[in-house]
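Chemist: Following this message is one structure expressed as structure tokens.
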Amino acid sequence: MSLKKKRFFAGFMGAQAKWLNSMSKKGYRLIKTGKLQYEFDECEPGKYVYTVEYVGDKSLEESDRYKAFLEDMGYRVFYKNINLDYSIYKATWRPFAEKGGRISTTRSTYNKELLIIEKENDGKPFELHTEKDDKIDYYRRLSYPWYFMIFLFLIFAIIAWPFLPSVIGLAAAALLCAVPIIINAIKIHKIKKENQLEE
Amino acid sequence: MKDNVKSGALTEVTFFILLSLYVPKHGYAIMQFIEEKTKGRLVLGAGSLYGAINTLTEKRWIEPFGEDGRTKEYVITPFGREIAEKELRRLKELTAIASGIIGGECA
């Protein structure tokens, strides 16, 4: 019997993967994703493991190619939205998007910013990125949308300059956006340290 | 994946991918090849493999091979073979020097 659950994880990919893995341990395998909804079928507890990857900065063509590659590896792959829509008429603002596509209606990875990847549990950790440079590159890509957000808030702040309360609000928002950048920078630093060659 | 062009040294992953593609293979088989040959010491994630395949294809060290149904296969190019052979010569020279100093009986 299938089970439907509603959850929203936004950009918290680790939390999403953790939740899917805990569902699998309880004997539920993901079969369908909606905007907020996840549909599960019963399965042998712990038979599958999940990981979540950000592809929102890729073109649809490129992420489709990546998805096909992962499927060739024997994994099951689902697209998932990272944002909820904030749409006014036909323009949609999407902070997680590739360059030039942030305010747009064009064909892109719109509402397909994440991939949920499932493999049969073989006891080994499910890591897609195992190489130093590749890992660093991935965390850098994760930070780009946040740099863009900070930039936007700064522009707003300049526009709102004489009106102090809104400038303070915008500065606070910009500071909040710096948090994920700092977290990613710490991760990158750790990877660099772990992978240092002995000299 | 940074392969040092000046010294000719390849990363381990690059060298293994090149070696695996002397016989055409698809992604999953490349991953298995590396894991088997290194007895599980080197395990390559699918995302990293995807990036490596793209980089090596851009460099024309490997290229897509035919269309085996839906799965895409890759094979090493003549240029890629040159690179791999050069790396083997470099490693042989290195081990020869090292063996001469440390002793060759180290298995």
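Chemist: In percent, how large is the relative contact order of chain B, given Cα pairs closer than 8 Å and 6 or more residues apart?
Modeler: Across chain B, relative contact order equals 27 percent.
Chemist: Below 8 Å, C-alpha to C-alpha, sequence gap of six or more: please give me the relative contact order for chain A in percent.
Modeler: Here the relative contact order equals 18 percent.
Chemist: Where is the GNM fluctuation largest for chain A (alpha-carbon springs, 10 angstrom cutoff): A:Pro162, A:Pro145, A:Pro45?
Modeler: A:Pro162
Chemist: Across bins of 10 angstrom width beginning at 0, how are the C-alpha pair distances of chain B distributed, in whole percent?
Modeler: 14, 42, 31, 11, 2, 0
Chemist: Let me understand the range A:132-194 better: what is its radius of gyration from the alpha carbons, and its Dmax, in angstrom?
Modeler: 14.8, 48
Chemist: Taking K and R as +1 and D and E as -1, what net charge do the other residues with C-beta under 12 Å from the C-beta of A:Glu120 add up to?
Modeler: +2
Chemist: Right, another one. Per-residue ellipticity at 222 nm for the protein assembly as shown, helices alone: DSSP H runs ≥ 4 residues times -39500 (n - 2.57), over residue total, nearest 500 deg cm²/dmol?
Modeler: Roughly -16000 deg cm²/dmol at 222 nm, from the helical runs in the protein assembly as shown.
Chemist: Work through the residues other than A:Asn184 whose Cβ is under 14 Å from its Cβ and net out their charges, Lys, Arg +1 and Asp, Glu -1.
Modeler: With Lys, Arg at +1 and Asp, Glu at -1, the neighbours total +4.
Chemist: Let me ask something else about it. Using the number of other C-beta atoms within 10 angstrom as an exposure proxy, rank A:His189, B:His26 with the fewest first.
Modeler: Ordered by Cβ neighbours within 10 Å, fewest first: A:His189, B:His26.
Chemist: Compute the helix-to-body angle for B:46-58: its Cα long axis versus the longest principal axis of chain B, expressed 0 to 90° and rounded to tens.
Modeler: Tilt relative to chain B: about 90 degrees.
Chemist: By how many degrees, between 0 and 90 and to the nearest 10, does the Cα long axis of helix A:60-72 differ from the longest principal axis of chain A?
Modeler: Relative to chain A, helix A:60-72 is tipped by roughly 20 degrees.
Chemist: In whole Å, what is the distance between the alpha-carbon centres of the range A:118-196 and the range B:23-53?
Modeler: Computed from Cα coordinates, the inter-centre distance equals 29 Å.
Chemist: Moving on. Distances over 19 Å make up what percent of all Cα-Cα pairs in the range A:1-68?
Modeler: Tail of the P(r) past 19 Å holds 39 percent of the pairs.
Chemist: Which residues' amide hydrogens lie under 5 Å from the amide hydrogen of B:Phe65, considering only partners 5 or more residues apart or on another chain, with H built in the peptide plane?
Modeler: Residues meeting the criterion, in which the H sits 1.01 Å from N, are B:Glu73, B:Tyr74, B:Val75.
Chemist: In degrees from 0 to 90, rounded to the nearest 10, what is the angle of the helix A:132-159 Cα long axis to the longest principal axis of chain A?
Modeler: 30 degrees
Chemist: A further question on this structure: Give me A:Trp19, A:Trp146 ranked fewest to most by other Cβ atoms within 10 Å of their Cβ, as a rough exposure proxy.
Modeler: Placing the least packed residue first, the sequence is A:Trp19, A:Trp146.
Chemist: Right, here's the next one. Taking every pair of alpha-carbon atoms in chain A, give the share separated by more than 30 Å as a whole percent.
Modeler: Across chain A, Cα pairs with separations above 30 Å total 30 percent.
Rule-based calculations on the coordinates, nothing more; no lab input. Everything numeric here is computed off the predicted structure, so don't read it as measured data. We place every Cβ from the backbone using ideal geometry, glycine too, and count neighbours over all the protein chains shown.
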